[in-house]
Amino acid sequence: MSNDRMSTEPFGDRRQFLSHMSSGLTGVALTQLLGPASSMAGTTHPHAFQHPPRAKRVLQIFCPGAASHVDLWDHRPMLEKYHGTPLPGAEGEVSFQGKNGNLMKSPWPFLPAGQSGKMISSMLPNIAQHVDDIAFIHSMTSRSNTHGPGCIFMNSCFTREGFPAAGAWVSYALGSLNENLPTYVAIQDVRGEPPNGKANWSNGFLPAQYQAVAMSAQQPLRNLATPKSIGADQEQATREFLRVANAEHARQRAGQDALLARMEAYELAAKMQLSAPEVSDLSRELQSTHDRYGTNDRNPLKAAYARNCLLSRRFLEQGVRYVALYCASRASAVDGLLNWDAHKTLKADYERHCPIFDQPTAALLTDLKQTGLLDDTLVLWCTEFGRMPTHQDGTSGRDHNPDAFTTWMMGAGIRGGVSYGATDEFGRRSVENVATPYDFYATVLHLLGLDHQQLTYYHNGANRRLTDVHGHVLHDILA
């Protein structure tokens with residue numbers, strides 16, 4: 001068909017008219033798939049707020065390996081008084097790795113901190129400065145005493161893989177605050193992934209676009225820069241062609257979530273070419289900020305975690321909805337080397353881990369508070385379960401304890417300087433206001449303006465929830 005005919009007959013013959021109409025409808029389809037108003041873009045979602053939210057975003061700090069509550073957060077004076085004697089009523093108790101020995105006090109003293117006088121381990125002097133803003137939950141319990149299932153239970157409320165992590169649920173319910181960055185980011189420790197790896201930030205049965213984007217300061221997103229050989233016009237023309245081709249491909253395969261998620265991922269990657277390098281460029285920070293976080297510390301593990309803390313703050317500033325920050329990784333052949341799993345040599349292990357965690361985390365909390373981000377950011381600290389108040393037989397470490405451990409919350413909507421629940425006098429079991437991850441996330445969703453009983457997704461014949469069929473909001477820790 002000649003160009004002259006195109007100029008005198010805007011729609012050409014019937015075949016050309018149908019061709020233009022097809023392209024136009026394809027563009028409409030693409031707009032629905034990738035446009036700002038689509039659920040994929042994160043601004044319109046099936047679950048509206050059930051009540052006014054207190055928090056807009058979440059920072060979840062996770063210490064895998066079962067960080068010991070009785071050595072960090074839960075002061076039990078009776079451990080000091082009865083150190084070296086059998087645990088009453090449980091002499092010779094057998095737990096995860098075998099027989100337990102006598103009661104063992106913490107190797108370090110607990111000191112009062114803040115106006116609340118909260119007793120906290122002397123190994124965490126910088127975190128201690130924030131206790132008046134923190135609500136400690138001392139009565140947490142788990143349904144697993146094994147690291148992998150315990151980690152995903154604390155992240156998803158299920159001990160089996162295949163269920164969405166809390167961040168995926170939040171991403172599904174609320175979408176993005178910045179369409180040029182991921183809604184949900186998992187920042188891995190330089191030492192590796194946590195137990196059960198990517199299942200900790202999986203989308204489970206939710207559409208695939210709600211899984212976290214895994215990255216870290218030491219592993220920036222690759223292939224974001226456009227090759228110098230490709231000009232701006234050529235790049236734009238290529239993207240426009242891909243938009244049309246992808247939309248038609250998706251139209252012919254309606255209902256395929258994995259395909260739509262992949263298209264969304266590529267679209268997000270294109271947007272991130274402009275946004276992600278700037279956000280992840282830590283050289284933009286003042287030297288005083290780097291010094292406060294410890295990004296240039298002589299300990300390379302501490303410096304790497306500090307950079308991840310700084311990256312977390314930058315993501316939160318730019319509107320990433322849910323940031324999961326990990327401090328430590330999966331277990332190694334040597335207990336307590338790569339994470340908080342101190343079976344044999346608790347003192348040496350925690351004198352390795354606490355300095356890595358303390359200063360950078362405290363600097364992150366300070367920045368959130370000073371910049372005003374803490375007003376609408378909910379900060380969570382988690383681990384998968386606790387430790388025994390006794391030492392393992394023949395060692396100076398502690399075995400797993402799913403019956404008692406501590407988590408805490410800070411920030412938007414939280415009443416600081418309080419402790420909720422309690423363990424028994426030795427820290428062996430939760431006995432007062434016993435809490436579960438179901439309660440924990442019912443409270444998180446409540447602060448985000450969501451009812452945990454109404455946030456559902458139909459899957460395999462059931463309306464699934466993050467909190468399964470359990471959970472209640474911990475109103476006592478709310479401001």
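The values are calculated or read from the model by the stated rules, or taken from the named source; none is laboratory data. Note that the structure is a prediction, hence the values are computed from the model and not measured. Cβ: placed from backbone, ideal geometry, glycine included. Neighbour counts: every protein chain shown.
Can you confirm whether Asp468 is in the same structural domain as Leu316 (by TED's automatic domain parsing) and more than 20 Å from the chain's Cα centre (by Cα)? Judged against the criteria, Asp468 is not a match.
Report whether or not Pro164 is at pLDDT 95 or above and touching a Gly at 6+ places or on another chain (Cβ under 7 Å). Steps first, please.
Working: at pLDDT 95 or above: yes; touching a Gly at 6+ places or on another chain (Cβ under 7 Å): yes.
Yes: the conditions hold for Pro164.
Looking for whichever is surrounded by fewer than 21 Cβ atoms within 10 Å (Cβ to Cβ), over 29 Å from Leu373 (Cβ atoms), β-branched (Val, Ile, Thr) and in contact with a strand residue (DSSP E or B) (Cβ under 7 Å, 6 or more places away or on another chain) here; the options are Thr390, Thr456. Which one fits? Lay out the reasoning, then the answer.
On the way: Thr390 fails: surrounded by fewer than 21 Cβ atoms within 10 Å (Cβ to Cβ).
Thr456 is the lone residue from the list that is surrounded by fewer than 21 Cβ atoms within 10 Å (Cβ to Cβ), over 29 Å from Leu373 (Cβ atoms), β-branched (Val, Ile, Thr) and in contact with a strand residue (DSSP E or B) (Cβ under 7 Å, 6 or more places away or on another chain).
Select, from Leu378, Leu450, the only residue that is part of a strand (DSSP E or B) and of a type outside the set (D, E, K, R).
Working: Leu450 fails: part of a strand (DSSP E or B).
The unique qualifying residue is Leu378.
For region 179-190, does any single residue satisfy the condition of being among the acidic types (Asp, Glu) and either touching a Ser or Thr at 6+ places or on another chain (Cβ under 8 Å) or touching a residue at least 24 places away in the same chain (Cβ under 8 Å) (or both)? Yes; the residues of region 179-190 include at least one that is among the acidic types (Asp, Glu) and either touching a Ser or Thr at 6+ places or on another chain (Cβ under 8 Å) or touching a residue at least 24 places away in the same chain (Cβ under 8 Å) (or both). Of the set (1) in contact with a Ser or Thr (Cβ under 8 Å, 6 or more places away or on another chain); (2) part of a helix (DSSP H, G or I); (3) touching a residue at least 12 places away in the same chain (Cβ under 8 Å); (4) surrounded by 19 or more Cβ atoms within 10 Å (Cβ to Cβ), all apply to Trp340 but (2).
Contact annotation: residue pairs with Cβ atoms under 7 Å, 6 or more positions apart or on different chains, pairing a residue in region 91-117 that is under 15 Å from Thr395 (Cβ atoms) with a partner that is outside any strand (DSSP E or B) and hydroxyl-bearing (Ser, Thr, Tyr), are Asn102/Thr85; Leu103/Tyr82; Leu103/Thr85.
Only one entry in Leu301, Leu274, Leu311, Leu316 is aliphatic (A, V, I, L, M), at pLDDT below 95 and either out of contact with any Leu (no Cβ under 7 Å at 6 or more places or on another chain) or in a helix (DSSP H, G or I) (or both), namely Leu274.
Kindly provide the set of residues from region 385-411 that are acidic (Asp, Glu), at pLDDT 95 or above and under 20 Å from Thr345 (Cβ atoms), ordered by number. Residue satisfying the conditions is Asp399 alone. Hey, can you tell me all the residues within region 116-152 that are part of a helix (DSSP H, G or I), aliphatic (A, V, I, L, M) and within 27 Å of Glu193 (Cα to Cα)? Selection gives Ile127, Ile152.
Got a number for residues in region 343-375 being over 18 Å from Phe62 (Cα atoms), without any contact (Cβ under 8 Å) to a residue 40 or more places away in the chain and not in a loop (DSSP other than H, G, I, E, B)? Here the count works out to 3.
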